[in-house]
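Chemist: Structure incoming, see below.
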Amino acid sequence: MTDQANMSQGEREMRRAFRIREQAFIEVRILTDSEYAAVLESRALQQPSAFGNHARLVSLENRFQEAFTLLGNASLPVRECLSALNEKLSLLFEEQPERQAVMTRLTSGDAATCEIGATGLRFDHDVHIEEGSKVFLQVLLTADRHYLETAAVVRRTPPPLNESVDGRYGVAAEFVGFSEAESELLIKHLFQRESESLRMRRLSMDD
């Protein structure tokens, strides 16, 4: 994990503002005011809700990774035990029926280009969503199946990203109730994806 305590304010802002374009499966559910309030409350309290346990699982994974990092000087058997436990937790996370059902549903549609950062998502939708609408987003990035789900508020309706596809509307939404753990894991993913993309471009130029 990145040591945020040693970063300047400018570095933190740069990390949060960083965005990439990525292929993703996206599902959108428009929320009523009461549903929106319930989602934010369940996420803040790290409690299960009708929208799943994803926030709780991400928080658990983040806490484990931080603890594991602090045990850098622990004995080898301790580190191996914790590593195996982490692998077991990850496997249980991936295989839970709720998550598998979401993955199956998302990948039954078509992936399209989106623009994603730690604070929000720009994507195309087949229905025009009014600015100010409250939504629940489930997003699966195709490159390495990084998955996130969160409440969001639609801030504007820019031109579609996938202009070659007819009947689509651009949507720019700001994440709401996104935990620090979820935000940091997403930022880490974005930088890793950009680093990998740059590496592949360099290799193609060398050929």
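Chemist: Rounded to whole Hz and in sequence order, give me ³J(HN,Hα) for region 143-155 from the Karplus expression 6.51 cos²θ - 1.76 cosθ + 1.60, θ = phi - 60°, writing x for Gly and Pro.
Modeler: The phi angles translate into 4, 9, 6, 6, 10, 9, 9, 6, 7, 8, 10, 6, 9 Hz.
Chemist: How much length, in nm to one decimal, is gained on full extension between residue 162 and residue 113, taken as 0.36 nm per residue of separation minus their Cα-Cα distance? Please list the in-between numbers first.
Modeler: Details: separation 49, 0.36 × 49 = 17.64 nm, distance 0.65 nm.
Additional length available on full extension: 17.0 nm.
Chemist: Calculate the FRET efficiency for residue 144 and residue 76 from the Cβ-Cβ distance with a Förster distance of 25 Å, rounded to the nearest 0.05. Walk me through the numbers on the way to the answer.
Modeler: Details: r = 29 Å, r/R0 = 1.16.
E between residue 144 and residue 76, to the nearest 0.05, is 0.30.
Chemist: Enumerate the calculated ³J(HN,Hα) couplings along region 18-32 in order (Karplus 6.51 cos²θ - 1.76 cosθ + 1.60, θ = phi - 60°), each rounded to whole Hz, writing x wherever the residue is Gly or Pro.
Modeler: Computed from phi, the couplings for region 18-32 are 5, 9, 9, 9, 8, 7, 8, 9, 9, 10, 10, 10, 7, 9, 6 Hz.
Chemist: In nm, to one decimal, how far is the modelled label at residue 195 from the one at residue 130, with both set 7 Å along Cα→Cβ?
Modeler: With each label placed 7 Å out from Cα toward Cβ, I get 4.5 nm.
Chemist: Using mean Cβ contacts within 10 Å as the protection proxy, how do 26-34, 138-146 order, highest first?
Modeler: On the way: 26-34: 14.1, 138-146: 16.9.
Peptide ranking by packing, descending: 138-146, 26-34.
Chemist: Between residue 9 and residue 188, take the C-beta separation as r, use R0 = 22 Å, and let me know the FRET efficiency to the nearest 0.05.
Modeler: Details: r = 19 Å, r/R0 = 0.88.
Once rounded, the FRET efficiency stands at 0.70.
Only the coordinates and a few stated rules stand behind these numbers; no lab work does. Since the model is a prediction, treat every value here as computed from it, not as a measurement. A quick note on method: Cβ atoms are made from the backbone with ideal geometry, for glycine too, and the neighbour counts reach across all protein chains shown.
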